[in-house]
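Enquirer: This is the structure I want to talk about, given as structure tokens.
The values are calculated or read from the model by the stated rules, or taken from the named source; none is laboratory data. This structure is a prediction, so every number in the text was calculated from the model and none was measured. A quick note on method: Cβ atoms are made from the backbone with ideal geometry, for glycine too, and the neighbour counts reach across all protein chains shown.
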Amino acid sequence: MAYIRCDKCCRWLTLEERGKPCPQCGSSMTHSFNQALDVIDDKSEVACQIAQKHFQVEAGLEKIIRLKGSAEAEVSPVEPIKLLEVNANTVPSGVLPVNFGPAPASGIPYSTVIIEVSPAEFLKIQAHELRLPEGWFLGEEFPRPLEESVAK
Amino acid sequence: MKATTAAWSLAFARQAQADFYVWQALELNNDAHPCHRMLLLQMACEKICKSRLMNDRGTLPADLQSSHGFVANPLPTVIRAQLEFLGEDLRTKSAFLQFTRHLAAEIEILNPAMKRDGKRPDNCEYPWEHGNTLHSPLDWQFIPQQLLHEKFGPLFVKMLRMSICRAVEELQNSQS
């Protein structure tokens, strides 16, 4: 099954909405994915780009790890990109997933969820003393950009 | 039928927006005391953060309705996401984001329930005793009030306002 999203506001168009102007923004420009695998690849690429940008701006950021749900969920284009950010500068507050819609102007066409934890909290997550939301687990860790330097 | 998590999230975002506008109106009122201005700022920030935290697979509305805090950790993420939404080059905003972390921690402390293990009893609602001195919010100089007048203060206010408006719009669209 093809997946089609509005190029302007990033809304995923339902079967009934295809071929007409986007009901959210009125744009007729679309981006199509032929199969679910293409969506998965695109989400991975966008997740990596978000991580690179966050590494460049956050001084205390030690790790960024992708959080994954079930394979069935991850294949869905409306399933958000979920990132766990381990930041020495954060205030320890437990696991608090913060939800956002797409940010097309920054090349983020998917919803995102960010969980920011301190390094000590991350150790507790690894030890299963602090729980991630039901059904989510730790995925791959994103590498830091080679020329990583936090701009002043 | 009980309200959905999305409906709760929208309700909190709308309330944050109303709190924000009242705060801004108070800032222009010479008779309004700083403690009341800061109270509205703190309430707007707490509600937008709670709105963004509510999710069926994350934090349920019931876990957030009667609890306090939830500003110091999520607000910097909310502000950074707003910069991303605007397509800003984050590399040029590192100092602003550091400022936001500092300010968010101080805004959270404005809530009387947040005392940082008794080290920060200062708040914008109730008198408190520290050492042998009784303090009133009416006589207190609040750190967020000072920070908002520093270099990045106006940008923070602008991003906070835009992030609240974006949340209301997104959540309204998702329910229409």
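Enquirer: Can you name every residue in segment A:86-103 that is facing chain B (nearest Cβ under 8 Å), farther than 20 Å from B:LYS50 by Cβ and touching a residue at least 12 places away in the same chain (Cβ under 8 Å)?
Expert: Of everything in segment A:86-103, just one residue is facing chain B (nearest Cβ under 8 Å), farther than 20 Å from B:LYS50 by Cβ and touching a residue at least 12 places away in the same chain (Cβ under 8 Å), namely A:ASN89.
Enquirer: Sticking with this structure for a sec: Could you list, in sequence order, all residues of segment B:102-152 that are more than 14 Å from chain A (Cβ to nearest Cβ) and polar (S, T, N, Q)?
Expert: Scanning segment B:102-152 gives B:ASN123, B:ASN132, B:THR133, B:SER136, B:GLN141, B:GLN145, B:GLN146.
Enquirer: Further, regarding this structure: Restricting to segment A:88-137, name every residue that is out of contact with any strand residue (DSSP E or B) (no Cβ under 6 Å at 6 or more places or on another chain), in a helix (DSSP H, G or I) and of a type outside the set (Val, Ile, Thr).
Expert: Within segment A:88-137, A:PRO104, A:ALA105, A:SER106, A:ALA120, A:GLU121, A:LEU123, A:LYS124, A:GLN126 qualify.
Enquirer: Which one of A:ILE125, A:ILE108, A:ILE114, A:ILE65 is in contact (Cβ under 8 Å) with a residue 40 or more places away in the chain and in contact with a Leu (Cβ under 6 Å, 6 or more places away or on another chain)?
Expert: A:ILE65
Enquirer: Do we find that A:GLN49 is in contact with a helix residue (DSSP H, G or I) (Cβ under 6 Å, 6 or more places away or on another chain) and in a helix (DSSP H, G or I) in this structure?
Expert: So A:GLN49 fails the test.
Enquirer: Which residue out of A:GLU16, A:GLU85 is surrounded by fewer than 19 Cβ atoms within 10 Å (Cβ to Cβ) and not hydrophobic (A, V, I, L, M, F, W, C)?
Expert: A:GLU16
Enquirer: Give B:LEU160, B:LEU171 a once-over and let me know the one that is within 14 Å of chain A (Cβ to nearest Cβ), touching a residue at least 40 places away in the same chain (Cβ under 8 Å) and crowded, with 18+ Cβ neighbours inside 10 Å.
Expert: Result: B:LEU171 is the single residue among B:LEU160, B:LEU171 that is within 14 Å of chain A (Cβ to nearest Cβ), touching a residue at least 40 places away in the same chain (Cβ under 8 Å) and crowded, with 18+ Cβ neighbours inside 10 Å.
Enquirer: Taking A:GLU140 as meeting all but one of (1) part of a strand (DSSP E or B); (2) within 9 Å of chain B (Cβ to nearest Cβ), write down the number of the exception.
Expert: A:GLU140 satisfies all of (1) part of a strand (DSSP E or B); (2) within 9 Å of chain B (Cβ to nearest Cβ) except (2).
Enquirer: Within segment B:20-101, which helices (runs of 4 or more DSSP H) (wholly inside it) include 2 or more residues that are at the interface with another protein chain (Cβ under 7 Å from one of its Cβ atoms), surrounded by 15 or more Cβ atoms within 10 Å (Cβ to Cβ) and modelled with pLDDT of 90 or more?
Expert: Here the list reads B:34-53, B:74-85.
Enquirer: Name the single residue that is surrounded by the fewest Cβ atoms within 10 Å (Cβ to Cβ) among those in segment B:120-133 being without any contact (Cβ under 8 Å) to a residue 60 or more places away in the chain and within 21 Å of the chain's Cα centre (by Cα).
Expert: Only one residue fits best here, namely B:TYR126.
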